[in-house]
Structures are given as structure tokens and as C-alpha cells.
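The values are calculated or read from the model by the stated rules, or taken from the named source; none is laboratory data. Everything quoted here is computed from the prediction, not taken from an experiment. Methodologically, a virtual Cβ is constructed for each residue, glycine included, from the backbone with ideal geometry; neighbour enumeration extends over all protein chains shown. Keep in mind that these areas ignore ligands, DNA and RNA; they rest on the heavy atoms of the full protein, side chains included. Shrake-Rupley method; radii C 1.70, N 1.55, O 1.52, S 1.80 Å.
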Amino acid sequence: MEFREIVAPSIRELFVQQVTGMILSGQLRPGDRLPTERELADEMKISKTAVHEGIRELHRLGFLDVVNRQGITVADYAQTGTLDTLLAITRYHGGQLDAKTCRSILKIRYYLEGPAFRELAACRTEEDVAKLEELYRQAEDASREGVYPFADAMFRYHRAVTFLSGNSITPLILNAFSPVSREFWRAYIEAFGIPFCLERLRAFTDCIRAGEGEKAAALLGEGLAEFERRTERTGFIRTN
């Protein structure tokens, strides 16, 4: 039996967690001005260095605006944030995403993958279909190993669709979202069950082989819409 190392968070990390929590809970709102670094250090009884480094991290995450000689203000992270901001929000919610964030990600998925299904079905080659068949077989094998390996296989299948469609940018975007996407697939599998998910991959592959891109895109949309409805009922979706 192996025990994992226990690593205590640093003072800087605790500072970032506290300020992030105050922003996401609404205690601090966009435009609010923070005290100076010295004032924050004195009030929180920590070093100015920890505060300075924490503020730099919060600025990188899009939670704070820092302007020389004008001070530190809370930013509108929906406009200034990055994928790292999304991951920070997920961690704050204990590994969960709220329904609004889920809806936004599901819509992005459809906007990226729907056109890819249409384009691939229209320009498919025998090699493309063979690749999808191989990924389907890998998904079948992974489904016997558990939800997490199967979720990873589902992610690889859908990423391959975007790559084979000829768009060189969409797979990069999906890769950027891979930590969240893989957890979404895990939740999707748990919501619908492994047999349904394998059946849907089979249907996608058959649609592409037959050149039925619109049908494949419609199946994708139906699945995401039903997943969204289930998310709406629960309010949150767990991602860890």
C-alpha cells in the first residue's frame, strides 16, 4: 500500500484561494478597489511578498486588474479570464460547475463539433472511416476498464472527428479544454450509461461512412441538449 505525500498549501496559495472565494461569492465585485499590498499584508498578517505574488497570480487568472499608480481592482473575469480561470472556478466549487457554465461549455462543444461532423461526412475517405473504426474499438476496450478510461477514449474519438474534418485549429482548442472535457465525458457516461455511449459512437461512425453529416450533427445536438436538461435539474455537475 502506498500513501501519497501530503503537501500543505503555501501562504501565497491560501491568499489566492481567499481572494478568489470573495470574488466568486460576490463579496468582491467587478470594479471594487482592493487595499494596497502593504495594507493587505498588515490586515491578513502575512508577508508583503506573499501578497505581491498572490496578486500577480490573480491578475494572470483574470480576477484582478493591476495598473501602476492606480491600484488594484476586481476585474470582470468573464471578459478577462482564460481556461485557467475556468479551472480555478471549478476548484472553488469543490470540483463542480454551475449550470450556467455547463450550458456555455456545451454550446461551445456543439459549435466546434457540429460543423466538423458535417465536413468530415462530406469529404470522408476510407482511411478516415478506418481511423474512426479503430477509435471505436479502442472505446469498446476502454469501456471494460472503467468510466475514466472510457471517458478518455470518448474524448479521443471526438477530437479525431475535428482533426479528420481538415480543421487544424479546432483540435487545438479541444486539447486546451481537455481537463474539463474529459471530466464532462465521465459525467456524460455516468448520466447515460456505457451501452448508450457506445451505441452513439457506433451511430456517429455509421453516419460519417454514409455521408450523413447533418444526421450526425443532429445526434450530437440531441445528446448535448439532454445532458443540459439533466444539468438544469441538478443545478451542478461534478467534475472530479
Counted residues, region 109-134 - those being open to solvent by less than 50 Å² (accessible area, probe 1.4 Å), of a type in the set (A, V, I, L, M, F, W, C) and in contact (Cβ under 8 Å) with a residue 60 or more places away in the chain: 6
Breaking point among (1) without any contact (Cβ under 8 Å) to a residue 40 or more places away in the chain; (2) surrounded by 15 or more Cβ atoms within 10 Å (Cβ to Cβ); (3) part of a helix (DSSP H, G or I), for D65: (3)
Failed criterion for G71 (all others in (1) open to solvent by 20 Å² or more (accessible area, probe 1.4 Å); (2) modelled with pLDDT of 85 or more; (3) at negative phi hold): (3)
Matching residues, region 28-59, being open to solvent by less than 50 Å² (accessible area, probe 1.4 Å) and assigned to a loop (DSSP other than H, G, I, E, B): L28, L34, P35, I46
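Please state which one of F155, F150, F163 is free of Cβ contacts under 8 Å to residues at least 12 places away in the same chain, under 22 Å from the mean Cα position of the chain (by Cα) and under 29 Å from L86 (Cα atoms). It would help to see each step written out before you state the result.
Numbers: F155 fails: free of Cβ contacts under 8 Å to residues at least 12 places away in the same chain; F150 fails: free of Cβ contacts under 8 Å to residues at least 12 places away in the same chain.
Residue meeting the stated conditions: F163.
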Residue that is at pLDDT below 95, out of contact with any Cys (no Cβ under 9 Å at 6 or more places or on another chain) and within 24 Å of A130 (Cβ to Cβ), where the choices are S181, S168: S168
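Here's the yes/no breakdown for (1) surrounded by fewer than 18 Cβ atoms within 10 Å (Cβ to Cβ); (2) at pLDDT below 85; (3) over 15 Å from the mean Cα position of the chain (by Cα):
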| site | (1), (2), (3) |
| --- | --- |
| K107 | yes, yes, no |
| S143 | no, no, yes |
| G146 | yes, no, yes |
| I173 | yes, yes, no |
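What residue, of E226, E214, is at pLDDT below 95, surrounded by fewer than 20 Cβ atoms within 10 Å (Cβ to Cβ), assigned to a helix (DSSP H, G or I) and not hydrophobic (A, V, I, L, M, F, W, C)?
After applying the criteria, what remains is E226.
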Single unsatisfied condition, G81 versus (1) in contact with a Ser or Thr (Cβ under 8 Å, 6 or more places away or on another chain); (2) at pLDDT 80 or above; (3) closer than 25 Å to G31 by Cα: (1)
